């Protein structure tokens, strides 16, 4: 993962670091699985679902990267952020998602972490766009998209978790004017 460590180090200056997902981040995943945190994502997952998610995060490989958000100087894990390859409207794009523990929300942590991930993705010069699909009922995540200059494309129906559909906003950020072909 070229560029990840440079971004992580630079981000420390902003009071946080995005750190590639590790086995010990499992506890963070369980903390992020509270009813309050999963309100806009179909509700809390079972222990089995969390363990499967953790495994997917560890094995994401060339499809993207998941990160723990580490707050400094405390060196405390306060959330997650990541991106992954997906197909949207017959086009291969990246999708991005994030989550910050309730006691750390409203402090700009998610915005700074998402911004750091976008910088990494732009450096890859792989896809033209990255999309975010926050629930239409999640004002905080929609505000982050607006703040980071994503363009609101439309409302859409989005399947998440698998088998369940929700109304989302389709936010899109142009990563580069000319995408490299795979």
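From the list 79, 163, 108, the one residue that fits, being free of Cβ contacts under 8 Å to residues at least 40 places away in the same chain and within 27 Å of residue 17 (Cα to Cα), is 108. Candidates in the stretch 1-22 are the residues that are in a loop (DSSP other than H, G, I, E, B), out of contact with any helix residue (DSSP H, G or I) (no Cβ under 6 Å at 6 or more places or on another chain) and farther than 14 Å from residue 82 by Cα; of these, the one that is modelled with the highest pLDDT is 15. Residues that are loosely packed, with under 13 Cβ neighbours inside 10 Å, more than 23 Å from residue 176 (Cα to Cα), at pLDDT below 90 and over 12 Å from the mean Cα position of the chain (by Cα) occur in the stretch 75-95; there is at least one.
Residues in the stretch 23-46 that are in contact with a helix residue (DSSP H, G or I) (Cβ under 8 Å, 6 or more places away or on another chain) and exposed (fewer than 14 other Cβ atoms within 10 Å of the Cβ) were compared, and the one that is modelled with the highest pLDDT is 23.
Restricting the stretch 47-59 to residues that are surrounded by fewer than 17 Cβ atoms within 10 Å (Cβ to Cβ) and under 19 Å from residue 159 (Cβ atoms), the residue that is modelled with the lowest pLDDT is 49.
Against the criterion of being touching a strand residue (DSSP E or B) at 6+ places or on another chain (Cβ under 9 Å) and surrounded by fewer than 16 Cβ atoms within 10 Å (Cβ to Cβ), residue 137 qualifies. Identify, please: which residue in the stretch 98-132 is farther than 19 Å from residue 15 by Cβ and out of contact with any helix residue (DSSP H, G or I) (no Cβ under 9 Å at 6 or more places or on another chain) and is, among those, surrounded by the fewest Cβ atoms within 10 Å (Cβ to Cβ)? The qualifying residue surrounded by the fewest Cβ atoms within 10 Å (Cβ to Cβ) is 125.
The values are calculated or read from the model by the stated rules, or taken from the named source; none is laboratory data. Please read all numbers here as calculations on a predicted model, not as lab measurements. Every residue, glycine among them, receives a Cβ derived from its backbone with ideal geometry; neighbour counts consider all protein chains shown.
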